[in-house]
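The values are calculated or read from the model by the stated rules, or taken from the named source; none is laboratory data. Every value quoted in this text rests on a predicted model; they were computed, and no experiment measured them. Cβ coordinates were reconstructed from backbone atoms using ideal geometry, including for glycine residues, and neighbour counts include every protein chain displayed.
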Amino acid sequence: MKEVMVDDNASKKYKRKSLYAFIAFFIMIGAAYGSWKWLNHQPLDGGLRGGIQQPLRNVLDANEKLFTSTFDRNKLIKEYPKSEAVKKVRVNGDAGLDTTFFDAKDWKLQIVKSNNDTLFITLDDIRALPKTEVTFNFKCIEGWNQVTNWGGVRFSDFAKHYGLAKEMDLKYVGMKTPDEEYYVGIDMPSILQPQTILCYEMNGSPLPMNQGFPLRLIIPVKYGVKHIKRIGTIFFNNEKPADYWAERGYDYYTGH
């Protein structure tokens, strides 16, 4: 039987490398635990956006600055033939839909101007404006996407028709549902992007209840959390308005 010779130097070298690997592993575990413990003792971000530790919010804010510095509101999102739009459209959440309007005549959109004057606008008023359709790949932060078709009026056309030039010079738009249970804040360049619409139709028919009848926002440059359903009030500000998901630790900008 042939005897196997063991190289003592090779064996020692292997043991030494294994020891170093274990030491490095435990150092990384300790560093991760220490970082986690440090982060959990940091103050929460203040103001309307609260909800996560300030260092995490700082990272999200840095990402927002990067996105906003490169955003071109005249650049269009890819559109698809209407025939490619799905017929069964997924619903990305139902927060703020408790107040139901079975008849659009019972609903009015409130526009709070910068001087605090309020406009009350009916769905018929909105439908009388030039209609725009957009068929695009709707993206949800949950990880799914669908090609969907929507119809309504461009927000920029709506703002021009109702004399909101002064409001368009501000930095942000705020929107909330009639029950004020859901609310978003959106940067002005994104809301004025040509494919952003105040939407009253899906696949050529009035919005279903679970999709925000009678009026919702479709803003293709943002993820689904910004596409607020059943809009009740729109207002304008130079400070970031309250935002439902930003308060729960998500990115305020939420662009893609």
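What to note about this one:
- The requirement of being of a type outside the set (D, E, K, R), over 26 Å from Thr233 (Cβ atoms), within 22 Å of the chain's Cα centre (by Cα) and part of a loop (DSSP other than H, G, I, E, B) is fulfilled somewhere in the range 86-94, by at least one residue.
- Taking the listed residues Leu66, Leu129, Leu119, the one that is part of a helix (DSSP H, G or I), of a type in the set (A, V, I, L, M, F, W, C) and free of Cβ contacts under 8 Å to residues at least 60 places away in the same chain is Leu66, with no other qualifying.
To keep it simple, each residue is scored yes or no on (1) out of contact with any Phe, Trp or Tyr (no Cβ under 8 Å at 6 or more places or on another chain); (2) crowded, with 21+ Cβ neighbours inside 10 Å.
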{"position": "Ile234", "(1), (2)": "yes, yes"}
{"position": "Asn237", "(1), (2)": "no, no"}
{"position": "Glu247", "(1), (2)": "yes, no"}
{"position": "Tyr253", "(1), (2)": "no, yes"}
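- Meets criteria (among the hydrophobic types (A, V, I, L, M, F, W, C) and in contact with a helix residue (DSSP H, G or I) (Cβ under 9 Å, 6 or more places away or on another chain)) for Met188: yes
- Positions within the range 104-116 being exposed (fewer than 14 other Cβ atoms within 10 Å of the Cβ) and in a loop (DSSP other than H, G, I, E, B), in sequence order: Asn115, Asn116
- The one condition in (1) within 24 Å of Met202 (Cβ to Cβ); (2) modelled with pLDDT of 95 or more that Asp103 fails to fulfil: (2)
- Hey, Phe101 in contact with a Pro (Cβ under 9 Å, 6 or more places away or on another chain) and either under 16 Å from Gly212 (Cβ atoms) or part of a strand (DSSP E or B) (or both) or not: yes
- Residue check for Ala85: under 17 Å from Leu217 (Cα atoms), surrounded by 12 or more Cβ atoms within 10 Å (Cβ to Cβ) and in contact with a Ser or Thr (Cβ under 9 Å, 6 or more places away or on another chain): no
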